[in-house]
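Student: One structure is given below, represented as structure tokens, and several questions about it will come after.
The values are calculated or read from the model by the stated rules, or taken from the named source; none is laboratory data. In this text the structure is predicted, and so the values were computed from the model without any measurement. A quick note on method: Cβ atoms are made from the backbone with ideal geometry, for glycine too, and the neighbour counts reach across all protein chains shown. Accessible surface areas use protein heavy atoms only, side chains included; no ligands, DNA or RNA. Shrake-Rupley method; radii C 1.70, N 1.55, O 1.52, S 1.80 Å.
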Amino acid sequence: MLNDLTLLASIADGEFYSGEELGERLGVTRSAIWKALKRLGELGLEIEAVAGRGYRLTTPLELLSSERISAHWGDAEKSIEQLEVLHEVDSTNRHVLARASSAQKPIACLAERQTAGRGRRGRQWLSPFGCNIYLSLGWPFPRGVVGLEGVSLAVALAVVRALSDFGIEDLGVKWPNDIYWKNKKLAGVLLELTGEAGGGCFVVVGVGINVRMPVASGQLIDQAWTDVSHAKAGYSISRNEIAGRLLHHLVRTLQQFDQHGWPFFASEWRQRDLASGHLVNVQCFDELIQGTALGVDGTGALLVETDTGVRRLHAGDVSLRLRSAN
């Protein structure tokens, strides 16, 4: 049976190819080509068919490749034991968590598409095929959960560092770990962990970056969003290069965190903190907290000045929305 990815790689450049030409190149019948193209269409890829010219992707596509990613990840090569690139998976975080018990060193996974991608607080992370970055990095912490306070914020800064490598400016972080460009969400982070009480733990860092979000998919997102293609209009940026630089900065940041803890990142956080000094609404379980964000404390907890005093809120429990003074 024809491998759909093999066919996709053959038409990824967006040029026209006839069914006969593709069949000869891949050693299958024109009928097999047509069936495979139909399956690719079911992934959400737009394929144009023109009589006398053949088939083409309406938008050229760059498939992820472990070889091309590793060409851009620098010193991360020394730390990551395994890098997987999958055609499709329910969730890259789930995939890495399932391998946590046997992983002695960091492992990483990327996917072209997630069928059940997740954001914070159980929200869906929209994951159309071949458009964005869906990456999970599993990282063992031998000391366990002790000292992990603030790691979620540090990871958000790692994403900012990676995007800054491409000249993307005006990046900020909405506590605890949503990355924004000009007040629109560009990337998000989801951390999950597993381990024994009192022993070592395995943290899975999930990162989603909008690189080239299709308009149809974007209409399903219930908040203001953007992608790399808008932040760097007129520039073509490789998804493989983004993935490589992201892994580089994630590894470097987690190493720094393991050595120094959250205080090492406090100054950098203040420069990127979008909430500090603003009026905010914070949904904490069933309680709505309103006040002025005062930044974070020495553990990465959000400080909110309310009518009844300063509240200290921890990542994972809240949803924060900036609100106007009116």
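Student: For residue 82, list long-range residues whose amide hydrogen, built 1.01 Å from N in the peptide plane, is under 5 Å from its own amide hydrogen.
Tutor: 108
Student: Please give every one of the aspartates and glutamates within straight-line cross-link reach of residue 38, meaning a C-alpha to C-alpha distance under 19 Å, and leave out same-chain neighbours fewer than 8 residues apart.
Tutor: Candidates past the 8-residue exclusion: 4, 13, 15, 20, 21, 24, 46, 48, 88, 112.
Student: Using a 1.4 angstrom probe, figure out how much accessible area the chain has per residue, in square angstrom, rounded to the nearest whole.
Tutor: Per residue, the chain has an accessible area of 48 Å².
Student: Per the 1.4 Å probe, what fraction of the accessible area of the range 137-199, in percent, lies on carbon and sulfur atoms?
Tutor: Heavy-atom surface of the range 137-199 belonging to carbon and sulfur, 1.4 Å probe: 51 percent.
Student: Here's another thing I want to ask about it. Treating only the Cα positions of the range 90-180 as identical point scatterers, give the base-10 log of I(q)/I(0) from the Debye formula at each q in 0.10, 0.15 Å⁻¹.
Tutor: -0.31, -0.72
Student: Starting from the Cα-Cα distance between residue 307 and residue 104, subtract it from 0.36 nm times their residue separation and give me the gain in nm to one decimal.
Tutor: So the extension gain works out to 68.2 nm.
Student: Using Cα atoms only, what is the angle between the long axis of helix 151-164 and the major principal axis of the chain, expressed in degrees (0 to 90) to the nearest 10?
Tutor: Helix 151-164 sits roughly 50 degrees off the main axis of the chain.
Student: A further question follows. With Kirkwood's inverse mean 1/r over C-alpha pairs for Rh, give me the Rg to Rh ratio of the chain, two decimals please.
Tutor: That ratio is 1.02, to two decimals.
Student: Please work out how much length the chain gains when fully extended from residue 314 to residue 29, using 0.36 nm per residue of separation minus the C-alpha to C-alpha distance, in nm with one decimal. Intermediate values should be presented prior to the final figure.
Tutor: On the way: separation 285, 0.36 × 285 = 102.60 nm, distance 5.84 nm.
The span from residue 314 to residue 29 would gain 96.8 nm if fully extended.
Student: Quick one: if the Förster radius is 30 Å, what FRET efficiency do residue 290 and residue 268 give, using the C-beta to C-beta distance and rounding to 0.05?
Tutor: 0.60
Student: Given the -39500 (n - 2.57) contribution per DSSP H run of 4+ residues, what per-residue ellipticity at 222 nm results for the chain, rounded to the nearest 500 deg cm²/dmol?
Tutor: Rounded to the nearest 500, the figure is -8000 deg cm²/dmol.
Student: For helix 239-260, what angle does its Cα long axis make with the longest principal axis of the chain, in degrees from 0 to 90 and rounded to 10?
Tutor: With rounding to tens, the tilt is 30 degrees.
Student: Next up: Show me the ranking of peptides 24-30, 223-229 by mean Cβ neighbours inside 10 Å, starting with the highest.
Tutor: The packing order, highest mean first, is 223-229, 24-30.
Student: Hey, another quick one. Cα axis of helix 30-42 to longest principal axis of the chain: angle in degrees, 0 to 90, nearest 10?
Tutor: Relative to the chain, helix 30-42 is tipped by roughly 20 degrees.
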